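Colleague: Quick one: this structure, given as structure tokens, is what I'll be asking you about.
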């Protein structure tokens, strides 16, 4: 199966770099005009919460059925295996 397109919440730079180094195509949650397969987010990342005080993620209509992973629950050490399980 081809590599997934993964949207990573702003501020989760370590996660984004890890995924890129493994060959995944990474985009921003805020730039979701193209189809994405997985969203990785955090409910505790202060950098993103500071610039998105609504708590809402606005997705275009082509991204209404997207799998989501909370890095706070999965942990950065397990994020690759969690993404691969979704492939």
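Colleague: Search the range 1-26 for residues that are at positive phi and pair each with any residue that is assigned to a helix (DSSP H, G or I) and at pLDDT below 90 when their beta-carbon atoms are under 8 Å apart and the residues are at least 6 apart or on different chains.
Modeller: Matching pairs, first to second residue: 11/46; 11/47; 11/48.
Colleague: Related question: I'd like to check which helices (runs of 4 or more DSSP H) are fully inside the range 4-87 and have at least 1 residues that are modelled with pLDDT of 90 or more and within 13 Å of the chain's Cα centre (by Cα).
Modeller: In the range 4-87, 13-21, 71-74, 79-86 are the helices (runs of 4 or more DSSP H) which contain 1 or more residues that are modelled with pLDDT of 90 or more and within 13 Å of the chain's Cα centre (by Cα).
The values are calculated or read from the model by the stated rules, or taken from the named source; none is laboratory data. Only a predicted model underlies this, so the values are computations on that prediction, with no experimental measurement involved. In this analysis, Cβ positions are derived from the backbone assuming ideal geometry, glycine residues included, and neighbour counts consider all displayed protein chains.
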